[in-house]
Amino acid sequence: MNPKFVMAAALAAAAIAPAWSQPAQRPMFATTKVEGTDNVYVFRYGNHQSMFVVTSQGVIATDPISYGRPQAAVTYIEEIRKVTDKPIKYLIYSHHHYDHIAGGQPFRDAGAKILAHKKARERLAVLQDPATPLPDETMDKKKTLKLGDTTLELSYLGLNHSDSSLVMRLPKEKVLFVVDFIPVGSVPGRGMIDFYPLEAEQSIKQVLAMDWKTLIPGHPGPGDRLGTKQDAQDQLIFLQDASAAVKTAAREGKCWEPAEKEVKLPKYEKWPGYENNLQFVTRRYCGLWGRGT
Ligand SMILES: [Zn+2]
């Protein structure tokens with residue numbers, strides 16, 4: 001090959017490579033309409049996201065996602081205002097974890113009624129965080145919210161990622177908003193600390209039995225994509241694989257430290273979070289199989 005051509009090709013490759021290897025700069029927040037619907041939106045701020053639904057009688061918002069960043073809730077409301085001038089009637093907490101539900105006061109100031117599972121209210125009442133308003137209304141196993149032309153079904157499926165997680169389902173739109181207990185295409189991490197391993201599998205099976213097509217997760221999936229039933233199925237199998245691997249290690253006396261170093265699940269090494277998070281998954285399953293809790 002002509003050496004001049006080789007040189008030119010190498011220079012061209014060098015000029016192009018950085019653009020390929022670095023992801024495009026992502027804005028701090030974004031509001032996106034869910035494909036196939038005309039009134040369901042995802043509001044993302046940093047690496048957290050929430051669903052909001054615009055109905056003929058007002059807006060149903062979820063998770064304020066403003067932990068340590070009160071401006072996120074203000075931006076969230078401004079983003080809703082760009083879509084509709086209808087009142088924000090409800091703010092629903094997906095579960096009690098602060099990274100999703102802290103900072104909801106601006107929604108209450110805007111007149112929204114805050115709704116959560118009863119266990120979330122109990123936990124938040126003890127903590128008395130001034131940035132995190134308590135729910136006005138709580139529920140136990142099931143509640144159907146009707147606002148204008150929209151029906152939103154709220155279900156508590158028992159223990160899983162937390163003891164207060166709600167599954168929010170829009171039956172007509174076949175959309176589901178589920179936070180943290182079914183991550184889309186990624187390995188869960190520090191959130192495993194108060195995770196209920198065996199019960200979580202049962203919850204995911206119940207979610208799989210429901211009628212839905214699109215899953216909005218509480219953290220964006222790879223490339224900001226939403227999830228499908230396949231993702232829920234994959235997460236279930238991931239948990240089962242992790243559980244089985246740690247069970248073996250635990251019975252060899254390897255919990256905690258040797259297991260945290262040695263347990264590998266190469267099948268999932270391409271999933272975001274694999275390198276950094278697998279140790280937290282192993283630690284939680286060591287709690288189960290190597291300790292009994
Ligand atoms: Zn959580």
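The values are calculated or read from the model by the stated rules, or taken from the named source; none is laboratory data. No experiment lies behind these values; they were computed from the predicted model shown. Every residue, glycine among them, receives a Cβ derived from its backbone with ideal geometry; neighbour counts consider all protein chains shown. Keep in mind that these areas ignore ligands, DNA and RNA; they rest on the heavy atoms of the full protein, side chains included. Shrake-Rupley method; radii C 1.70, N 1.55, O 1.52, S 1.80 Å.
Side notes on the structure shown:
- Complete set of residues in the range 165-175 that are closer than 18 Å to A116 by Cβ and more than 16 Å from the ligand (Cβ to nearest atom): R169
- In the range 68-112, of all residues being in contact (Cβ under 8 Å) with a residue 40 or more places away in the chain, within 16 Å of the ligand (Cβ to nearest atom) and not small (G, A, S), the one that is surrounded by the fewest Cβ atoms within 10 Å (Cβ to Cβ) corresponds to D99.
- The listed residue being surrounded by fewer than 20 Cβ atoms within 10 Å (Cβ to Cβ), more than 16 Å from the ligand (Cβ to nearest atom), at negative phi and free of Cβ contacts under 8 Å to residues at least 12 places away in the same chain, out of P258, P222: P258
- Yes/no for S186 being over 30 Å from A112 (Cβ atoms), within 16 Å of the ligand (Cβ to nearest atom), small (G, A, S) and assigned to a loop (DSSP other than H, G, I, E, B): yes
- From the options L134, L159, L127, residue that is under 29 Å from W289 (Cβ atoms) and open to solvent by 30 Å² or more (accessible area, probe 1.4 Å): L159
- The set of residues from the range 28-67 being assigned to a loop (DSSP other than H, G, I, E, B) and open to solvent by 80 Å² or more (accessible area, probe 1.4 Å) comprises M28, E35, G36, D38, N47, Q57, Y67.
- Number of the exception - I237 against (1) touching a strand residue (DSSP E or B) at 6+ places or on another chain (Cβ under 7 Å); (2) free of Cβ contacts under 8 Å to residues at least 24 places away in the same chain: (1)
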